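Participant: Please read through the structure below; I'll follow up with questions.
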Amino acid sequence: MQKPSFLIWLYNETSAAGRLLAGLLARRDHLLYVEASILRQEYMEKVGVFEEEVLESELDVSMMQREIELIQTEINRREPIDIKEIEKKVETERQQKLDELETNSNAVSQGKTGLNNEDMAEMRKKYDRIVKDFHPAVNQNMAEAEKELYDMALDAYRRHDLDSMILIDEILYSKPEPEIEVQVANDADLTNTEEIYDSIYDLYENLVSNYTLAAKLYEYFYESEPEKVFKNSLERYTAQIRELQREIDSIMTVFPFSAAATLNDPVKLDEYLADLKSRLRRSEEEKVEYNTRIEKMLDGRNKI
């Protein structure tokens, strides 16, 4: 039986953490560049177009209120009302808000995949493999060419470009995979701690099959250089996993994922559409009311 059981434990723990990290990285990218696009597209089809109409109508109401405010200011000053200047100012503010709405609308409607389910599955399979083997957070010893190809794979994934992904995959995996040397300590490496290992030989028998025990007792034993390497990698992976999980949790709380519950529930969707219809009806009534009010405010007043 080989003695360095801690090294075996650390190697297994580090390998598992690396696989988990790669999986979370792929999951985050899939959320951002695939699932988000699908949800945005579905949102536009079921809600977005009508919602934009409601928002523009409500914007009209807001701008009419602004026009009334500016007219009233001129009345209070007992000055002639420069209605052209007021309308120009209101239109400028309105256009700024419309530009904001258009920006949001583009963000909502962008990113249609253009791929069928089979192609999407193939692209994700290739991307997941590339992330696992070539993500800089998991593999810090990559050549520059491999880093560039990984960045290209990420860009292809974002653009849902299957042809590019296939080509990158072929380039990365066409060459023979290099042999990976895993440094495992042997008895000769442990001469400086031979007495310690000899005194706890029986304990190692338990450690070989009981990694929970290894985790608890690790800090009480001398740490070899190979063990330090794996331990540092494990700590780095663990910190990255925690941060990545927080990022994924945060992604799930914002649009379009925040709208998923409504989109997937016919009752909630009907309720929201009914609310939009009510808002549109109310804003159209308010526009008539404010237009009448503006006409009355200008009636008989000195205008420029």
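The values are calculated or read from the model by the stated rules, or taken from the named source; none is laboratory data. Keep in mind that this is a model prediction, so the values were computed, not measured. Ideal geometry is used to build each Cβ from the backbone, glycine not excepted, and the neighbour counts take in all protein chains shown.
Participant: Only residues that are more than 14 Å from VAL47 (Cα to Cα), assigned to a loop (DSSP other than H, G, I, E, B) and free of Cβ contacts under 8 Å to residues at least 60 places away in the same chain: list them for segment 265-304, please.
Facilitator: Within segment 265-304, ASP299, GLY300 qualify.
Participant: Turning to a different aspect of this structure: Yes or no: TYR33 part of a helix (DSSP H, G or I), more than 17 Å from the chain's Cα centre (by Cα) and crowded, with 17+ Cβ neighbours inside 10 Å? Full working, then the answer.
Facilitator: Values: part of a helix (DSSP H, G or I): yes; more than 17 Å from the chain's Cα centre (by Cα): no; crowded, with 17+ Cβ neighbours inside 10 Å: yes.
Criteria not met by TYR33.
Participant: Does HIS135 meet the test of being within 30 Å of TYR11 (Cα to Cα), buried (at least 18 other Cβ atoms within 10 Å of the Cβ) and modelled with pLDDT of 80 or more? Don't jump to the end; show me each part of the working.
Facilitator: On the way: within 30 Å of TYR11 (Cα to Cα): yes; buried (at least 18 other Cβ atoms within 10 Å of the Cβ): yes; modelled with pLDDT of 80 or more: yes.
In short, yes.
Participant: Could you tell me which residue of segment 236-264 is nearest to VAL47 (Cα to Cα), considering only residues that are crowded, with 16+ Cβ neighbours inside 10 Å and polar (S, T, N, Q)?
Facilitator: Per the criteria, the residue is THR262.
Participant: Which residues, taken from segment 1-30, are in a helix (DSSP H, G or I), of a type in the set (A, V, I, L, M, F, W, C) and touching a residue at least 24 places away in the same chain (Cβ under 8 Å)?
Facilitator: Filtering segment 1-30 for residues in a helix (DSSP H, G or I) gives 5-30.
Narrowing further to those that are of a type in the set (A, V, I, L, M, F, W, C): 6-10, 16-17, 20-22, 24-26.
Answer for segment 1-30, where residues must be in a helix (DSSP H, G or I), of a type in the set (A, V, I, L, M, F, W, C) and touching a residue at least 24 places away in the same chain (Cβ under 8 Å): PHE6, LEU7, ILE8, TRP9, LEU10, ALA17, LEU20, LEU21, ALA22, LEU24, LEU25, ALA26.
Participant: Here is a follow-up. How many residues are buried (at least 19 other Cβ atoms within 10 Å of the Cβ) and of a type in the set (Gly, Ala, Ser) if we restrict to segment 1-30?
Facilitator: 5
Participant: Here's a follow-up. From GLU85, GLU52, GLU58, GLU69, grab the single residue that is out of contact with any Ser or Thr (no Cβ under 8 Å at 6 or more places or on another chain) and in contact (Cβ under 8 Å) with a residue 24 or more places away in the chain. Walk me through it before giving the result.
Facilitator: Values: GLU52 fails: out of contact with any Ser or Thr (no Cβ under 8 Å at 6 or more places or on another chain); GLU58 fails: out of contact with any Ser or Thr (no Cβ under 8 Å at 6 or more places or on another chain); GLU69 fails: in contact (Cβ under 8 Å) with a residue 24 or more places away in the chain.
Exactly one residue qualifies, and that residue is GLU85.
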